[in-house]
Amino acid sequence: MNIANKLTLLRLVLVPFFVVFGLIGGNIYGYIALGIFVFASFTDYLDGYLARKYNLVSDFGKFMDPLADKLLVMSALALLVHRGDTSVWIFYVVVIRELVVTGIRLIASSNGRVIQAAMTGKIKTVIQMIIIILALIPYINDNFLMVTTDVGTVLDILMYIMLAVTIISGTEYVVKNADVIKP
């Protein structure tokens with residue numbers, strides 16, 4: 001197993017620790033959860049960089065890397081819903097998008113085809129991770145991100161941007177890979 005794949009597995013292992021510290025709450029545990037999330041997000045960048053630079057791209061990585069990202073992001077969004085920092089319907093839309101994309105990947109895989117993540121999917125993941133990091137920072141979250149505007153809080157606006165990018169990338173993924181799901 002190459003270093004890029006080990007980083008992907010590390011990200012998967014970090015998810016439960018992130019959730020536990022996030023659920024405990026309080027400033028110190030909130031910052032620990034934030035640190036875990038930031039580190040796990042960085043491993044996403046690093047494993048992709050190493051895989052491309054050293055030609056370590058593998059079918060395992062093509063499948064597991066996006067899955068690890070999905071678990072990390074969905075866990076964080078579930079935590080934000082639990083804390084009351086975002087709406088449950090936003091969480092559900094993201095989960096549905098991720099399940100559809102994963103379903104298409106599984107169907108393609110069963111037919112011997114591995115679908116790599118598209119650029120819009122990568123951009124979506126980066127945007128999701130940045131917005132989640134901002135939402136997890138207790139100091140910012142208690143102040144700037146909760147300032148109310150005419151269309152909601154700053155955090156609400158960021159979540160709507162994240163949601164729009166998530167829907168756009170999911171739609172592109174389905175359209176580009178429609179042949180996989182045709183009967």
Taking the condition buried (at least 18 other Cβ atoms within 10 Å of the Cβ), in contact with a Pro (Cβ under 8 Å, 6 or more places away or on another chain) and not charged (D, E, K, R), does Gly22 pass? no
When you look at Tyr92, is it surrounded by 14 or more Cβ atoms within 10 Å (Cβ to Cβ), among the aromatic types (Phe, Trp, Tyr) and farther than 21 Å from Asn2 by Cα, yes or no? no
Is it true that Asp150 is exposed (fewer than 15 other Cβ atoms within 10 Å of the Cβ), charged (D, E, K, R) and either within 19 Å of Ser41 (Cβ to Cβ) or out of contact with any His (no Cβ under 7 Å at 6 or more places or on another chain) (or both)? yes
Just wondering, is there one or more residues in the stretch 67-81 that are within 18 Å of Lys124 (Cα to Cα) and among the β-branched types (Val, Ile, Thr)? yes
Is it the case that some residue within the stretch 120-132 is at pLDDT below 90 and either of a type in the set (S, T, N, Q) or in a loop (DSSP other than H, G, I, E, B) (or both)? no
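Yes or no: Ala68 touching a Gly at 6+ places or on another chain (Cβ under 9 Å) and of a type in the set (A, V, I, L, M, F, W, C)? Talk me through it step by step, then tell me what you get.
Values: touching a Gly at 6+ places or on another chain (Cβ under 9 Å): no; of a type in the set (A, V, I, L, M, F, W, C): yes.
It is false that Ala68 is touching a Gly at 6+ places or on another chain (Cβ under 9 Å) and of a type in the set (A, V, I, L, M, F, W, C).
The values are calculated or read from the model by the stated rules, or taken from the named source; none is laboratory data. All of these numbers come straight from a predicted model, not from anything done at the bench. FYI the Cβ positions are ideal-geometry reconstructions off the backbone, even for glycines, and counts take in every protein chain you see.
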